[in-house]
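Heads up, the thing below is written out as structure tokens.
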Amino acid sequence: MTSPEADESPVADEPRTAAGGAGGASDERPEARLERAVRAAEQALIEFEIAVETFRVEVENFSRLHHQKLGPMYARLEELDAQIAEAQAASSGDAEDLRRAQELRGRVLPMPDVEELFHGWMDSDGLSPEASAMLNELPVRAPQRVRPSDEARRLYRELVRKAHPDLAQDDKERARRDEFMVRVNAAYGLGDEARLRELGAEWAAGPVPQELGASESEELYARLEWLARRKEMLTLVARELEESAIGSMLTMAPDDPDRLLEEIAEQLLAQVSEREAQLAGMVR
């Protein structure tokens, strides 16, 4: 993902009428231009947040898919590496070989902590559908697609533009928007188009948002400063996502991440075959 930057100068130069003419620029309230700059900066920040959230969802889903599809291959490689080291240690009796064999064997079966044992297996209603299916020997549903559909993105963008908490004019309205956006983000993370449409209808039927009224210059300047700080924070989040292992993989194949997984799987299978051949030659 190439992090979109919020426009540093969101308001373009505008055509001006003759100075001092009837209805000219001199008739404009002093705060009007600053107010437009605040609104433009708010919209630019919202667009940036949409892009960051979209990439976060893609990274999270790709990480899950990566683990489900390639996890068994990585586990098989670790097991083969341990067996090869153990065979080497048994043959040589060397202390260093023994130490390495013990180290590799320890990597194969690490003791999981409680969070790892239950992560993804339990939710507020008890066992997750995947866990129930596995425990009852039923088919487990296929992994979700790596990224939300174009329609889910469109619906999400519309909802964020309308309901973003930064557009609230008081604490009560911000709290309502915060709660609503939690549900919107959850639906977007699942790529649930139907749920996003339901949330769109819910927002449309809700109270009419209060429009921004005239503001004092000090309040508008303070708002611009807050927006700038928020943009800096989101830039850091975007950079962390891009520099993560999964984020870096996604940037290698942004248009076809599924194919990237297939290529990695092919490489891992080749490594497994090499290790199995090496082990077979050592234990004859």
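For the reader, a short list of remarks on this structure follows.
- Inter-label distance, Glu173 to Ala186: 2.6 nm, where each label sits 7 Å from its Cα along the C-beta direction.
- Loop GluC sites (Glu not before Pro), segment 161-264, which have at most 10 other Cβ atoms in a 10 Å radius of their Cβ (DSSP): Glu211, Glu216
- Dipole magnitude of segment 234-284, debye to nearest 20 (Cβ charges: Lys/Arg +1, Asp/Glu -1, about Cα centre): 340 debye
- Tensor-based shape of segment 168-264 (alpha-carbon gyration tensor, a/c under 1.5 rounded, otherwise prolate or oblate): oblate
- Test item: Cα-centred dipole of segment 151-246, Lys/Arg +1 and Asp/Glu -1 on Cβ, debye: 300 debye
Quick note: the coordinates plus some simple rules give every number you see, no bench work behind them. Because the structure is predicted, anything quoted here is derived from the model rather than measured. A quick note on method: Cβ atoms are made from the backbone with ideal geometry, for glycine too, and the neighbour counts reach across all protein chains shown.
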